[in-house]
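The block underneath contains the structure these notes are about, expressed in structure tokens.
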Amino acid sequence: MTISLRWGAATDTGRVRSVNEDSALVEDGLFAVADGMGGHVAGEVASRVAIDALRTNAGQGLAEAVRLANRAVFERAVDDPSLRGMGTTMCAATLVEQDGRPQLLIANVGDSRVYVFRDGELVQLTDDHSLVGEMERDGRLTAEEAKVHPQRNIVTRVLGNEPDVEVDQFWLDPFRGDRLLLCSDGLFDMVDDDVMVHVLRSEPDANEAAAELVTLANEAGGRDNITVVLVDVVDDGGKAEAASASLAGTTTKSRPVERVVRDDEPAEPAPAPSNRRPRAGRATRHLTWRSALFVLALLAIVAGAAGGTWWFARTGYFVGIDRHRVTLFQGRPGGVLFLDPTVEHRTGLRLGDLPPARRAAVEDQHEFTTKAAAERFIDRLRQETTTTTTTTPGTTSTTVLPPTSAPTPSSTP
Ligand code: MN
């Protein structure tokens, strides 16, 4: 059995940013979108390095190629201090043979998305690795709340920040008429699902449809870079007809979208239910209940605004000075409303101990999305201090070690 694909793509800087940090890959049988981050040129470099590595390593399997792309970005950031902290999302799709049948294999890290448009419905296949995505999966936010949440741009998993990364994989049994949509958040943050559906239904040419989606995102404000890759299944060797014929006269859907999730870890035939793992058909239900949720959404927005403020005030970490010592805080510098940052732990380091180049970052109360990242920053400060200065006399017993170090004697009850 053979599958024929036709594809199109479009990308644009948008109306606010000055640089397009997105990159895309559009080759026969291999498609990807990467949304780089890191400021200045770093985001642009991250997404391009990732896409190049994906293409180079595609022969090793999709998930492995994404892991190697992660490694490539990570190593590039280690080699070049001006690129430190850069990262990129990546979603990718490829055609593979599975038990003699062509299948679409999809991989994802980050908050770019892969959707399938089938039978008039748009179904999101990937999970967003973002704080709001996790809250939505845990049932703490609705899809509508997530879409307008002030922290929706915080990504919880990216390529390039760690030497290794966990890659989500999904399989899709392709049928003629399917349209696979890969896109960066610059599209779905700006354009509603039903508007995307309208374009996908009315514009058959993949290039035209991709360009139209980018235009709509710009007309809605274009607040971010926008990248769209659209892959059409134009022939499936008669599979779609066979599926329809076998179900003629019934109301059952002939080609339900099944989101088959695969972990890279030990292949288990039936994954145990867990609130971290997605459930098949979730996005379909969301579309069907859309109108009924409208009234609830209004109430939810009010609650969400209050919760969002609290959440905004309490998420994130920064490194600053407290009692003349370099200190890790949880919260936002200066606080939000009456919600003040709290001291997570105070190190023994003084501002004056730090190399001059580092003092500015601490004085500016440099922010981090995760505690681990803030602790790594402090570890680096500590290393740089021990290599550049001699031990200061008189600070013997006051040093407070971070929780990851050996237990301090003072912690005994
Ligand atoms: Mn983006």
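The values are calculated or read from the model by the stated rules, or taken from the named source; none is laboratory data. Because the structure is a prediction, the values reported are computed rather than measured. Methodologically, a virtual Cβ is constructed for each residue, glycine included, from the backbone with ideal geometry; neighbour enumeration extends over all protein chains shown.
Just wondering, is there one or more residues in region 206-213 that are part of a strand (DSSP E or B) and either touching a strand residue (DSSP E or B) at 6+ places or on another chain (Cβ under 9 Å) or away from the ligand (no atom under 15 Å from the Cβ) (or both)?
No, the conditions are met nowhere in region 206-213.
State which residue is farthest from Gly87 (Cα to Cα) when the search covers only region 142-175 and only residues that are in a strand (DSSP E or B) and within 16 Å of the ligand (Cβ to nearest atom).
For region 142-175, the residue satisfying everything is Val155.
Go through region 226-245 and give me each residue that's surrounded by fewer than 24 Cβ atoms within 10 Å (Cβ to Cβ) and either of a type in the set (A, V, I, L, M, F, W, C) or modelled with pLDDT of 95 or more (or both).
Listed by number, the residues that qualify are Asp232, Val234, Ala240, Ala242, Ala243, Ala245.
Mind listing whichever residues of region 158-195 are closer than 25 Å to Arg223 by Cβ, of a type in the set (Asp, Glu) and surrounded by fewer than 20 Cβ atoms within 10 Å (Cβ to Cβ)?
Listed by number, the residues that qualify are Asp189, Asp192, Asp193, Asp194.
Might you check whether a residue that is closer than 30 Å to Ala240 by Cα and crowded, with 16+ Cβ neighbours inside 10 Å occurs anywhere in region 64-80?
Initially, region 64-80 is screened for residues closer than 30 Å to Ala240 by Cα, giving none.
Checked region 64-80: no residue is closer than 30 Å to Ala240 by Cα and crowded, with 16+ Cβ neighbours inside 10 Å.
For region 12-23, name all the residues that are away from the ligand (no atom under 11 Å from the Cβ) and either in a strand (DSSP E or B) or surrounded by 21 or more Cβ atoms within 10 Å (Cβ to Cβ) (or both).
Within region 12-23, Asp12, Ser23 meet the criteria.
Given the options Thr88, Thr94, name the one that is within 30 Å of Ala240 (Cα to Cα) and either touching a helix residue (DSSP H, G or I) at 6+ places or on another chain (Cβ under 8 Å) or hydrophobic (A, V, I, L, M, F, W, C) (or both).
Numbers: Thr88 fails: within 30 Å of Ala240 (Cα to Cα).
Criteria check complete, one pass: Thr94.
Does any residue in region 213-235 that is without any contact (Cβ under 8 Å) to a residue 40 or more places away in the chain come within less than 6 Å, Cβ to Cβ, of a residue that is within 13 Å of the ligand (Cβ to nearest atom) and of a type in the set (A, V, I, L, M, F, W, C) six or more places away or on a different chain, and which pairs are these?
Ala220/Met190
Looking at region 26-80 only, could you name the residues that are closer than 18 Å to Thr227 by Cβ and of a type in the set (Val, Ile, Thr)?
Selection gives Val26, Val33, Val41, Val45, Val49, Ile51, Val66, Val73.
Between Arg179, Arg152, Arg157, which is free of Cβ contacts under 8 Å to residues at least 40 places away in the same chain and within 24 Å of the chain's Cα centre (by Cα)?
Sole residue among the options that is free of Cβ contacts under 8 Å to residues at least 40 places away in the same chain and within 24 Å of the chain's Cα centre (by Cα): Arg152.
Tell me, yes or no, whether region 196-204 has at least one residue that is in contact (Cβ under 8 Å) with a residue 40 or more places away in the chain, part of a strand (DSSP E or B), crowded, with 16+ Cβ neighbours inside 10 Å and away from the ligand (no atom under 16 Å from the Cβ). Give the steps one after another, and end with the answer.
Looking only at region 196-204, we keep the residues that are in contact (Cβ under 8 Å) with a residue 40 or more places away in the chain, and these are 196-197, 200-201.
Right, trim to part of a strand (DSSP E or B) and you get none.
No, there is no match, as no residue in region 196-204 is in contact (Cβ under 8 Å) with a residue 40 or more places away in the chain, part of a strand (DSSP E or B), crowded, with 16+ Cβ neighbours inside 10 Å and away from the ligand (no atom under 16 Å from the Cβ).
When you scan region 125-140, do you find a residue that is out of contact with any Asp or Glu (no Cβ under 7 Å at 6 or more places or on another chain), at pLDDT 95 or above and not polar (S, T, N, Q), even just one?
Yes, that holds for at least one residue.
Answer yes or no as to whether Gly120 is under 22 Å from Arg157 (Cα atoms) and of a type in the set (Gly, Ala, Ser).
Spelling it out, it is not the case that Gly120 is under 22 Å from Arg157 (Cα atoms) and of a type in the set (Gly, Ala, Ser).
Assuming Arg223 fulfils every condition listed in (1) crowded, with 18+ Cβ neighbours inside 10 Å; (2) closer than 27 Å to Glu21 by Cβ; (3) not polar (S, T, N, Q) apart from one, which condition is it?
Answer for Arg223: the failing condition is (1).
Among the residues of region 176-189, how many are within 16 Å of the ligand (Cβ to nearest atom), at pLDDT 95 or above and not aromatic (Phe, Trp, Tyr)? Break it down stepwise before answering.
Step one: list which residues in region 176-189 are within 16 Å of the ligand (Cβ to nearest atom), which gives 181-189.
Checking which are at pLDDT 95 or above leaves us with 181-188.
In the following step, the residues that additionally are not aromatic (Phe, Trp, Tyr) were identified as 181-187.
Final tally of qualifying residues: 7.
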